[in-house]
Amino acid sequence: MKKNFLTSFFGASSQKHNNTNQILSTISSLSKRSNLFIYSAVDIYHHSQEYTIPLIIYDEYRGLYIFEIKDWSYDELRNATIKKASNTLHSQNTLSYHSMHKVIEKKLNEIIHSANVPIFNYLIMTHLSSYEYQSLNESLKENLPKKRIVFNNLNATEILTKLQTIEESKRSFGTSKEVFGTLFTQYTILDKENKLSLCNEAQKEFIDKELDTLTNITAKPKSGKSSILLLKAIFEILKNPSLKIIIIKPTRLAKDILHRQLLEIIEHGIIEFNFEHLEIMTPFEINKKIFNDSSIEIPPKLIHKNFDLADLIMCDDCNFIDENFIAYLKYMQKKKKLVLVNDMNSQSTCQLNESYLSQDKKIRFHKTNPYAKALNIIPNLLNHIDPSNIVVVSNSLNREKLNEDLKSFIKAKAILLDSSTSLASQELNTLRLVTYKDLNEISYSHAILLDLEATPFAEIEYAIDTAKENVSLLYEEESQMINDLKEKYESS
């Protein structure tokens with residue numbers, strides 16, 4: 001049996017066998033006992049191309065390890081020889097993954113301007129032991145060096161020792177966030193401040209999973225839920241370019257912010273993407289498209305009429321959207337796929353509860369005249385904090401009064417943020433006066449909250465949880481609402 005090194009050895013994916021998962025599980029366990037970061041069965045997207053790697057590992061001080069999986073047995077290999085392809089002759093080791101090296105190096109260079117991350121090729125032999133290897137033909141041993149093979153009888157310690165034979169560099173080749181965040185667009189969160197982070201396990205699991213007809217995600221503010229919906233939509237379309245997907249956001253402003261984030265993800269990932277297959281819309285726009293009516297109410301005579309809007313609809317922040325609209329989405333997508341986020345009337349099938357925000361946020365309760373206290377806190381904050389990091393949340397009447405007093409007495413510039421208007425028409429880089437209904441997708445570090453008694457608990461909760469650093473809750477009298485808030489937030 002002769003095998004051409006490129007066309008056969010790194011050709012089509014081999015059939016999955018029972019012990020493949022066991023070997024991959026053993027390798028994956030190394031991330032818990034070392035500084036290795038590991039992805040299995042992962043795709044790299046670059047421009048219009050897709051490349052699949054069965055397993056990739058990153059060591060910040062050694063480089064990238066890329067693996068191919070083969071199920072050749074000893075009986076198949078004992079009389080075999082391997083002919084080395086010409087483009088492997090200059091490889092730093094004799095296992096060749098030549099084209100993949102070029103893709104990885106090019107993407108790293110184009111995005112983080114670093115093509116000097118070393119790349120090492122390894123092979124997982126699911127049906128060959130280290131003892132059987134000793135009896136193989138010398139040409140096989142020359143082209144399949146033992147130090148680059150994970151045999152099926154190796155334990156985690158032996159595999160780790162094999163990987164660590166690579167000489168350790170004195171300097172870092174970049175953090176895992178920088179390297180994997182460059183290579184894997186579908187697992188890289190690029191938030192509203194363009195800060196990059198890798199998906200956690202729950203987020204990655206949702207992106208990878210085959211969706212059921214109805215999926216309801218329960219997610220906390222700042223759990224990355226909106227970014228994960230974007231990544232899921234992008235990944236689904238990259239896998240199947242014919243899909244039509246709609247993401248629904250509660251307000252026009254939230255829609256525009258998410259759309260801007262979409263553009264930044266595509267640009268950062270350097271991928272070709274058909275924007276015609278992904279729309280971000282509001283409930284009003286959906287109703288306008290279906291019924292030629294932008295009101296939120298579904299016309300009774302059309303409540304049981306089906307419309308073919310998309311193969312997949314993902315509705316974010318259902319708790320901010322009218323229940324009748326959500327009910328109609330469920331009816332309309334009953335034969336297709338629907339993802340809801342925080343729908344209180346559906347059973348949770350997926351949880352995203354890990355927040356990427358700091359957990360040492362300061363939450364202060366002030367029993368005082370709320371309006372006067374707000375006018376006292378605002379100038380103090382403005383003295384040492386960028387105005388764009390501050391929001392003052394109240395009802396519409398107090399918002400108007402605060403705006404006038406800020407102009408007259410404090411000479412502070414503020415905007416009355418309106419979530420029903422476009423992002424382009426509003427200046428978000430200043431102090432923002434908002435109602436609780438306007439907060440969806442808004443980013444801020446410091447929040448001053450008024451009018452607590454007249455506001456649903458869930459909306460106050462959202463305002464507190466979305467703040468990154470400090471929250472001041474202003475109230476005049478003790479009440480059950482205040483006690484409930486104190487019980488939840490003072491203890492934490």
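Every read-out reported here was derived from the displayed coordinates using simple, explicitly stated rules and does not represent laboratory data. As the structure is a prediction and not an experimental result, all values here were calculated from the model. Every residue, glycine as well, gets a Cβ built from its backbone with ideal geometry; the counts of neighbours run over all protein chains shown.
As a test, work out the antiparallel percent of DSSP beta bridges whose residues both lie in the chain, rounded to the nearest 5.
Numbers: 18 of 71 bridges.
Given both bridge residues lie in the chain, the antiparallel proportion sits at roughly 25 percent.
Over all distinct Cα-Cα pairs of the range 357-475, the Kirkwood formula returns a hydrodynamic radius of 14.2 Å. Estimated from helical segments only, the mean residue ellipticity of the chain at 222 nm is -9500 deg cm²/dmol, where each DSSP H run of four or more residues counts as -39500 (n - 2.57).
Highest mean packing first, where packing is the average number of other Cβ atoms within 10 Å per residue, the peptides 385-395, 141-151 line up as 385-395, 141-151.
How far, in degrees from 0 to 90, does helix 225-239 lean away from the longest principal axis of the Cα atoms of the chain, to the nearest 10? For helix 225-239, the angle is close to 40 degrees.
Diffusion coefficient of the range 433-492 by Stokes-Einstein, Kirkwood radius over Cα pairs, 10 °C, 1.306 mPa s: 133 µm²/s. Can you tell me which lysines have their Cα less than 21 Å from the Cα of Lys407? Leave out same-chain residues fewer than eight positions away. Of all the lysines, those that pass the test against Lys407 - Cα under 21 Å, at least 8 places apart if same chain - are Lys373. Rounded to the nearest Hz, the phi-derived 3J(HN,Hα) couplings of the range 448-453 under the Karplus curve 6.51 cos²θ - 1.76 cosθ + 1.60 (θ = phi - 60°) are 10, 10, 10, 6, 5, 5, where x marks glycine and proline.
Relative to the longest principal axis of the Cα atoms of the chain, the long axis of helix 323-332 lies at roughly 40 degrees.
Taking amide H positions as modeled 1.01 Å from N, with prolines and chain starts lacking one, the residues under 5 Å from Cys315 and 5 or more places away or on another chain are Ile248, Val339, Leu340, Val341.
Computed from Cα atoms, the angle from the helix 98-112 axis to the main principal axis of the chain rounds to 30 degrees. Size descriptors for the chain: radius of gyration and Dmax over Cα atoms are 27.5, 91 Å. What the Cα convex hull of the range 198-352 gives, in volume per residue, is 110 Å³. Please list, in order along the range 20-35, the HN-Hα scalar couplings obtained from phi with the Karplus expression 6.51 cos²θ - 1.76 cosθ + 1.60 (θ = phi - 60°), rounded to whole Hz, x for Gly and Pro. In residue order, the calculated couplings are 4, 4, 5, 5, 5, 5, 4, 5, 4, 5, 5, 5, 7, 10, 8, 9 Hz. What you get for the chain, charging only the Cβ of Lys and Arg (+1) and of Asp and Glu (-1), is a dipole of about 1340 debye around the Cα centre. Altogether, the Stokes-Einstein calculation at 4 °C and 1.567 mPa s, with the Kirkwood radius of the range 114-234 over Cα pairs as Rh, returns a diffusion coefficient of 71 µm²/s.
Can you tell me which of 223-232, 416-425 comes out highest on packing, and rank the rest after it, using the mean Cβ neighbours within 10 Å? Please report the intermediate quantities before stating the final value.
Numbers: 223-232: 23.8, 416-425: 14.4.
Taking the mean over residues of other Cβ atoms within 10 Å, the ranking is 223-232, 416-425.
Across the range 137-150, coupling constants 3J(HN,Hα) worked out from phi with the 6.51/-1.76/1.60 Karplus curve, θ = phi - 60°, read 4, 5, 5, 5, 5, 5, 8, 10, x, 4, 5, 10, 10, 9 Hz, and Gly and Pro carry x.
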